[in-house]
Amino acid sequence: MSESQFAFEMRGITKRFPGVLANDNVDFAVREGEIHALLGENGAGKSTLMNMLNGLYRPDEGQIFIKDQAVRFSSPREAINHGIGMVHQHFMLVPTQSVAENLILGQSAPRFYINYSELEAQVAELSEKFGLAVDPRAKIWQLSVGEQQRVEVLKMLYQGAKILIMDEPTAVLTPQEVTDLFDTLRSMTASGHTIVFISHKLDEVVAIADRVTVLQRGRVTATVEGKDTTKAELARLMVGREVLFRIQKAPAQPGAEALVIENISCENDRGLPALRNLSLTVRAGEVVGIAGVAGNGQTELAEVIAGLRAATEGRVIVQGQEVTGKRVAAGEQSEASKGGSWDIQVSLDIGDSSINLSKGDERPEKQAAPIMVSEGLAYIPADRTGVGSSPNLSLIDNLILKAYRRPPIGKGWRIDLSLAREQAEKLVEQFNVMTPNVDTPARLLSGGNLQKLILAREISSRPKVIIAVYPVRGLDVGAIEAIHQMLIDERNRGTAILLISEDLDELLSLSDRIVVVFEGQIMGEVPPEDERVDEIGLMMAGTRVEAVHAS
Amino acid sequence: MELASLVFIVNIIGAGLRTGTPLLFATLGEIITERSGVLNLGVEGMMLAGALAGFAVSYGTGNPWFGVMAGMLAGGTLSLLNGLVAITLRGDQVVSGLALTFVGRGLTSVLGVAYVQIREVPRLPTVRLPFMYDVPLIGPNILWPLFGEQNIVLYLGFLLVPAVWFWVERTRPGLHLRAVGEKPAAADAVGINVAAQRYLYVFVGGAFAGLAGASLSLAITPLWIDDMTAGQGWIAVGLVIFAGWNPWRAVLGAYIFGALRRLPLDLQAVGWLPFASNPILGVWLEMIPYLFTIVALIFSSREAIRKRLGAPAALGIPYIRGERGA
Ligand SMILES: Nc1ncnc2c1ncn2[C@@H]1O[C@H](COP(=O)(O)OP(=O)(O)OP(=O)(O)O)[C@@H](O)[C@H]1O
Ligand SMILES: [Mg+2]
């Protein structure tokens with residue numbers, strides 16, 4: 001082996017979790033100064049492999065070499081001392097601290113007293129050098145996701161990382177931010193850094209990677225040169241079959257108005273206006289896509305419809321019933337709720353408290369209204385662990401969250417556990433959730449599998465209206481294809497679907513109509529045609545549809 | 001202003017400074033502990049342990065400073081029980097804190113029997129600052145009665161507040177303390193030992209509670225009486241929330257509540273208020289600090305409200321490495 005051709009090498013790495021073989025005899029070598037993409041389905045073991053390189057986990061078998069030296073890390077600190085830094089899938093920043101404070105966290109200097117003005121000047125200089133513009137004094141919670149990511153990269157550079165691992169860095173970025181990030185990454189490799197890049201977005205991988213390694217169910221299946229490969233080949237290597245990138249669908253057959261939003265206004269978490277007098281209608285059997293840059297009121301819109309956020313004005317009408325300000329009654333049947341008896345409300349509170357804790361505060365006041373939403377509203381939230389699932393409950397419990405109260409699973413005051421198990425196993429199989437068994441707590445699922453679990457619960461409740469927020473964020477191509485197919489099947493069954501997404505490809509492929517929002521208002525409506533992308537872009541930046549056509 | 005009412009007000013403030021000082025120590029300690037992400041509801045128990053240990057050692061050795069050290073050690077050691085449950089065993093911190101209070105009360109009640117009769121114990125010294133009297137205008141009637149002749153623990157309180165603030169907000173160890181309490185996963189990812197940090201600050205918080213107890217039994221009311229803290233530990237827990245986890249705001253709260261504890265007595269002496277003629281009303285006044293504490297605890301147990309008040313994000317949540325969504 002030639003001397004120091006590799007920045008690092010992992011040989012024969014095996015890692016087991018209870019019931020899961022996450023990495024199986026993996027060999028992974030990355031050359032110095034390259035951008036090496038790591039690809040694989042959800043749960044293939046990418047994050048696990050990199051967490052071992054980063055010292056967060058220890059391999060059960062196998063060895064890690066840096067410049068032909070065997071190393072063994074027992075903590076991330078030791079990894080960073082060897083020049084290995086990782087930007088995690090979920091950011092590892094302290095929200096209440098400033099950018100500068102986050103950079104020196106865990107560092108050996110300063111020893112005691114922190115000289116803030118000096119430190120901030122130092123940080124400003126570093127951020128200038130790598131073109132990572134960010135205010136050193138800003139608190140993390142004030143920053144956009146893209147800026148937070150810049151802080152993560154800065155932090156690693158500040159700590160002297162030569163090898164930078166980025167776990168799905170682009171999953172939450174806008175297209176412009178992705179472009180900026182890629183510029184940064186290229187300038188970093190030019191100055192001698194090595195980058196491992198995990199992504200599910202094959203276009204990006206093809207665009208930026210020098211080489212690509214593909215993992216499948218914990219094993220390496222291929223390493224290919226970036227310039228010789230194509231999206232289709234990578235997808236095949238990952239999933240083991242051909243993948244459809246755009247779903248085939250028949251023209252929509254819109255029926256009656258299923259979801260009507262009338263002049264809705266609401267505030268965001270900081271008390272600023274998030275929606276301003278927004279009106280929208282979704283009919284049965286159609287998909288309406290909401291396009292917009294993140295933070296323009298999309299998530300608030302979904303929360304208002306789902307009853308998780310109080311509207312300051314306006315009405316939400318589902319299947320002809322006004323539901324404004326009432327909570328989602330988790331698929332409660334009309335017959336049961338019409339009685340409006342007390343025990344239903346009590347059980348509701350028990351049922352939902354475990355998933356809504358973090359939201360408790362923003363719940364609308366009218367939550368105890370005796371008539372609950374009973375018209376089959378399904379909500380697929382952006383926050384999968386906080387709102388969409390209950391991380392410490394088993395898969396069974398998570399899957400019956402909407403069904404435990406009524407037959408056949410709910411039997412009077414008790415729950416038919418064997419039936420629940422049976423149905424959970426069926427759903428896990430049908431929706432292809434990768435898990436050792438249905439008793440596993442939901443928190444142990446990989447991101448993609450958790451999303452499939454939520455979809456399984458929501459779709460199996462036979463909804464009339466689905467609100468889907470970023471439904472495929474962080475998912476692999478195979479899973480995206482499967483989930484898109486599920487949503488289209490639902491639409492063909494006559495369900496009204498409101499799809500909120502940042503991914504224009506997804507919107508174009510699924511939607512029957514696209515509505516663009518900007519600062520809580522609708523800029524206009526566009527048919528989902530590839531030629532209209534520029535138009536959509538202009539509207540996302542705040543131009544009204546009339547103005548677009550006038551120019 | 002009329003001299004009589006000035007004296008009245010100065011008296012109340014002076015009483016606030018004195019009776020508020022143990023509260024201030026306990027509150028500062030709990031702030032430190034909670035900012036590292038651990039909730040310790042056992043302040044009452046740790047204060048009692050500190051009060052008895054301080055009293056006994058001061059009596060035995062004849063040196064009140066040994067007493068203070070023993071009190072701090074006792075409070076700190078007891079707090080490690082809560083640390084063990086909260087950090088290592090990842091149990092419920094509310095339950096372990098309550099248990100700690102029971103342990104502290106039970107232990108001191110049994111071990112303290114022998115000391116109840118003792119009236120003379122070496123006390124912490126009083127500091128005289130004669131120049132306070134000589135300040136023109138406000139010297140004789142305001143500065144002197146407030147600061148001229150007070151127990152040394154008061155001045156210790158004045159020093160500790162900026163020291164704690166500086167430690168938490170301006171130093172590297174303080175940065176780590178805050179990180180561990182706000183987002184332990186981020187601290188862990190850069191190699192900070194989350195458990196060690198939390199144990200350290202649980203101990204420091206306990207030592208502060210012990211100091212609070214010892215200052216009570218060696219300076220403010222130099223005696224040992226069974227259950228002598230009379231719920232002050234709980235008031236401190238409430239004050240942490242009132243202070244928004246900020247040491248400067250803790251000062252205000254502690255002194256106000258110190259004054260409130262004295263107020264019933266003082267108000268009963270004012271002839272034209274109904275309290276003088278009707279002692280039952282005084283009982284209602286005495287309830288104020290405890291009512292406040294109950295309200296504060298109700299508030300603090302609602303997570304959403306706690307967030308809004310600025311509680312450390314990881315307060316009360318055990319840290320497990322690699323936990324998704326942590
Ligand atoms: N701490 C853990 N305990 C138990 N099982 C785990 C743990 N972490 C990961 N796993 C399991 O190991 C497997 C690999 O997970 P990993 O997070 O590495 O996948 P991934 O390739 O990063 O997926 P994704 O693309 O969804 O992020 C999954 O089956 C996951 O459920
Ligand atoms: Mg991952």
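Summary table below
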quantity	calculated
Spread of Cα-to-Cα distances over 5 Å intervals beginning at zero, given as percent, for segment A:1-43	6, 16, 21, 23, 15, 10, 5, 2
For segment A:91-159, accessible area per residue (1.4 Å probe, heavy atoms of protein chains only), Å²	43
Accessible carbon and sulfur surface of segment A:91-159 relative to its total accessible area, %, 1.4 Å	52
Over segment A:91-159 - Rg/Rh using Cα atoms and the Kirkwood inverse-distance radius	0.92
Value of Rg/Rh across segment B:139-271 [Cα atoms, Kirkwood radius]	1.05
B versus A: buried accessible surface, summed, Å² (probe 1.4 Å, to nearest 100)	2800
Alpha carbon convex hull of chain A, volume per residue in cubic angstrom	166
Accessible carbon and sulfur surface of chain B relative to its total accessible area, %, 1.4 Å	69
Dimensionless Rg ratio for segment A:413-526, taking C-alpha atoms and the 2.2 N^0.38 Å reference	1.21
Centre separation in Å (Cα based) which lies between segment B:154-215 and segment A:523-539	54
Under the Karplus curve 6.51 cos²θ - 1.76 cosθ + 1.60, θ = phi - 60°, whole-Hz ³J(HN,Hα) for segment A:423-429, x wherever Gly or Pro sits	5, 4, 5, 5, 5, 4, 6
Flagged links, alpha-carbon separation over 29 Å, of A:Lys155/A:Lys227; A:Lys155/A:Lys201; A:Lys46/A:Lys139; A:Lys162/A:Lys452	A:Lys155/A:Lys227; A:Lys46/A:Lys139; A:Lys162/A:Lys452
Long-range tail of P(r) for chain B (Cα pairs > 26 Å, %)	49
Mean-position separation - Cα centroids, segment A:372-425 and segment A:480-508, in angstrom	22
Accessible surface, chain B, averaged per residue in Å² (probe 1.4 Å)	43
Peptide B:178-188 - average C-beta neighbours from other chains (10 Å radius)	6
Relative contact order (percent, whole number), chain A, Cα cutoff 8 Å, 6+ residue spacing	15
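The values are calculated or read from the model by the stated rules, or taken from the named source; none is laboratory data. All figures in this text were calculated on a predicted structure; none of them were measured in a lab. Glycine gets a Cβ as well: all are built from the backbone with ideal geometry, and neighbour counts include every protein chain shown. Ligands, DNA and RNA are excluded from the accessible area calculation, which covers all protein heavy atoms including side chains. Shrake-Rupley method; radii C 1.70, N 1.55, O 1.52, S 1.80 Å.
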